[in-house]
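Read through the structure below, which is laid out as structure tokens, and then see the notes.
Every read-out reported here was derived from the displayed coordinates using simple, explicitly stated rules and does not represent laboratory data. Given the structure is predicted, the values throughout are model-derived calculations rather than measurements. Cβ atoms come from the backbone with ideal geometry, glycine included; neighbour counts cover every protein chain shown.
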Amino acid sequence: MVDIHLEQAPYLATSPSLVVAASTDPDGNYAFNGIDGDQIHFNCAANSFSAPFEVEEIETGTFCKPSRTQQGTVTGSWTMTAYMSYGADGVWNNLAPLAGQTHEVAFLPKGATVKGVDNPEFLCTVTMPKLPPIGELAPGDKVEVELVLAWDSEPTSSTTGDNVARHFFQGVASPSNPV
């Protein structure tokens, strides 16, 4: 086995991209299908993002190995704090109607760059939660809401090929993102 020294510079969150598919495929599922204008981008609406998950431990002990366990179900979510907004391009008007529906969601750590080894694209399905109409209010402050997108499927990652979601790159063209 070859020694690997983990010396890559740490990832600095500068322009992550979270995208929700808002168009349906031929089977009626909300999926990334290449139709322009049918994606919801959170680049400017969010100020924090996390992906907590838990792995269930299943006890499989025997008399010979009483403390044996194996990995069970993996559950998790993509949790984001978004600034509440209203209007045609607002968070409320675009997300509230999606509550209870299953959608594909893509995350790209560096949203202004094509995916690759140093910028994997993560994809999973989530059931969109109900969105509160108003978050925490304080005079003169931006209104924030926490949006928890619980995974219906464990995220998969891809580092090659076209991006599943069309990320609005700054001048970077690809077949899935004509500039």
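At a glance:
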{"quantity": "Fully extended contour minus Cα-Cα distance, from residue 89 to residue 58, at 0.36 nm per residue", "calculated": "6.6 nm"}
{"quantity": "Stretch gain in nm, segment residue 70-residue 138, where the contour uses 0.36 nm per residue and the Cα spacing is subtracted", "calculated": "19.7 nm"}
{"quantity": "Residues 149, 12, 131, sorted so that the one with the fewest Cβ neighbours within 10 Å comes first", "calculated": "12, 131, 149"}
